[in-house]
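Okay, so here's the structure we're looking at.
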């Protein structure tokens, strides 16, 4: 489908908040001429990692999350540093958060966290044959419990809502497709 | 696992940006005593809807998204209004964005869009036997093409990255589980 994009008339910063910035874009519809200001959240791209041991266990992280104010169970992940490739960021985050490493990496999929107002992407990697040979180096305040659950435990945690981070659910969606389970 | 939460020492607003607000929480770890300010994005809860016709077609919306600056294909969805239940919001958003209605509703699952810095939830509904009998009422500037794709077309769109909104992928994850496909 060929379609003209909205035209950005003006863009102005609304603030910097550490992990993200906010800008306002005034944009005009090519269809109706309708025009208004839209809020856009700018952040670096994110990565996350479905990490599986040779025994088929999934390496997960349990930590306090300041957004929801709860402890969560997730897969390892974080932001892509300036000048870093998404795969390098995935390797780094897995090692920093869990101490697990491997040379067996594949890109599972890429999602938009929320295209309505976020500009960035999340790249999901599959890390196979991971082993706890690395050097965990959590950021200050990152107090992480590393878990190694089998597939049944992961499925049960998703079913019960113990794992419910959307980007983690999306990662398991790709993993199920990739592994031929769905 | 019993675990003490971080203690919020102080909380202050950082700004209002229409569809969300930002606040800073100064919080202290119960484990290490480490203390710092965390950025939290506050928004209303969101809903989205896997809507299926009696013929097994999925009702999708194609629209320009100001976050990524691209046209996307997604399922219908939006924010829960004040005083509205998530299911009522799902019914309203489906009708407003697509004109499709039904009385056949189920909750598929609930996800956290990003617990690291977002406080809100996204509630995903399954709407079966939807029919185009409603009154589309898109918001100003919402210029929406309504699509009705079969399961193969949806799968292909996900595989090719045409559909790549994380909350939509998570919705299809729940749908696959619910429908026994995975």
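The values are calculated or read from the model by the stated rules, or taken from the named source; none is laboratory data. The structure displayed is predicted, hence computed values, not measured ones. Virtual Cβ from ideal backbone geometry, glycine too; neighbours counted across all protein chains shown.
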**Message:** Checking the structure you have, find out if any residue of segment B:91-100 is free of Cβ contacts under 8 Å to residues at least 12 places away in the same chain and within 13 Å of chain A (Cβ to nearest Cβ).
**Reply:** no
**Prompt:** Does segment B:88-99 hold any residues that are out of contact with any strand residue (DSSP E or B) (no Cβ under 6 Å at 6 or more places or on another chain) and farther than 21 Å from residue B:154 by Cα, and which are they?
**Reply:** B:88, B:91, B:92, B:96
**Fill in**
Of the residues in segment A:115-145, those that are assigned to a strand (DSSP E or B), surrounded by fewer than 14 Cβ atoms within 10 Å (Cβ to Cβ) and more than 10 Å from chain B (Cβ to nearest Cβ) come to A:131
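So that you can scan it fast, the table gives a plain yes or no per residue for (1) within 17 Å of the chain's Cα centre (by Cα); (2) farther than 22 Å from residue A:109 by Cα; (3) touching a residue at least 40 places away in the same chain (Cβ under 8 Å); (4) not in a loop (DSSP other than H, G, I, E, B):
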{"site": "A:12", "(1), (2), (3), (4)": "no, yes, no, yes"}
{"site": "A:15", "(1), (2), (3), (4)": "no, yes, no, yes"}
{"site": "A:26", "(1), (2), (3), (4)": "no, yes, no, yes"}
{"site": "A:31", "(1), (2), (3), (4)": "no, yes, no, no"}
{"site": "A:38", "(1), (2), (3), (4)": "no, yes, yes, yes"}
{"site": "A:48", "(1), (2), (3), (4)": "yes, no, yes, yes"}
{"site": "A:56", "(1), (2), (3), (4)": "no, no, yes, no"}
{"site": "A:59", "(1), (2), (3), (4)": "yes, no, yes, yes"}
**Request:** Considering only residues that are over 19 Å from residue B:136 (Cα atoms) and in contact with a strand residue (DSSP E or B) (Cβ under 7 Å, 6 or more places away or on another chain), look in segment B:44-55 and name the one that is surrounded by the most Cβ atoms within 10 Å (Cβ to Cβ).
**Result:** B:46
**Request:** Taking residue B:112 as meeting all but one of (1) modelled with pLDDT of 95 or more; (2) more than 8 Å from every other protein chain (Cβ to nearest Cβ); (3) surrounded by 14 or more Cβ atoms within 10 Å (Cβ to Cβ); (4) over 22 Å from residue A:178 (Cα atoms), write down the number of the exception.
**Result:** (2)
**Request:** Could you list, in sequence order, all residues of segment B:61-79 that are without any contact (Cβ under 8 Å) to a residue 12 or more places away in the chain and either assigned to a strand (DSSP E or B) or touching a helix residue (DSSP H, G or I) at 6+ places or on another chain (Cβ under 6 Å) (or both)?
**Result:** B:65, B:70, B:71
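Here's the yes/no breakdown for (1) under 24 Å from residue B:63 (Cα atoms); (2) crowded, with 18+ Cβ neighbours inside 10 Å; (3) within 8 Å of another protein chain (Cβ to nearest Cβ); (4) at pLDDT 95 or above:
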| position | (1), (2), (3), (4) |
| --- | --- |
| A:41 | yes, yes, yes, yes |
| A:57 | no, no, no, yes |
| A:61 | no, yes, no, yes |
| A:65 | no, yes, yes, yes |
| A:68 | no, yes, yes, yes |
| A:73 | no, yes, no, yes |
**Prompt:** When the residues of segment A:17-38 are filtered to those that are surrounded by 13 or more Cβ atoms within 10 Å (Cβ to Cβ) and either more than 10 Å from chain B (Cβ to nearest Cβ) or in contact with a helix residue (DSSP H, G or I) (Cβ under 8 Å, 6 or more places away or on another chain) (or both), which remaining residue is nearest to residue B:63 (Cα to Cα)?
**Reply:** A:26
**Asked** Is it true that residue A:99 is farther than 16 Å from residue A:165 by Cβ and either crowded, with 17+ Cβ neighbours inside 10 Å or at pLDDT below 95 (or both)?
**Response** yes
**Prompt:** Can you tell me how many residues in segment B:160-175 are at the interface with chain A (Cβ under 8 Å from one of its Cβ atoms) and surrounded by fewer than 18 Cβ atoms within 10 Å (Cβ to Cβ)?
**Reply:** 1
**Request:** Answer with yes or no whether residue A:80 is touching a strand residue (DSSP E or B) at 6+ places or on another chain (Cβ under 9 Å), more than 30 Å from residue B:143 (Cβ to Cβ) and either surrounded by 14 or more Cβ atoms within 10 Å (Cβ to Cβ) or more than 10 Å from chain B (Cβ to nearest Cβ) (or both).
**Result:** yes
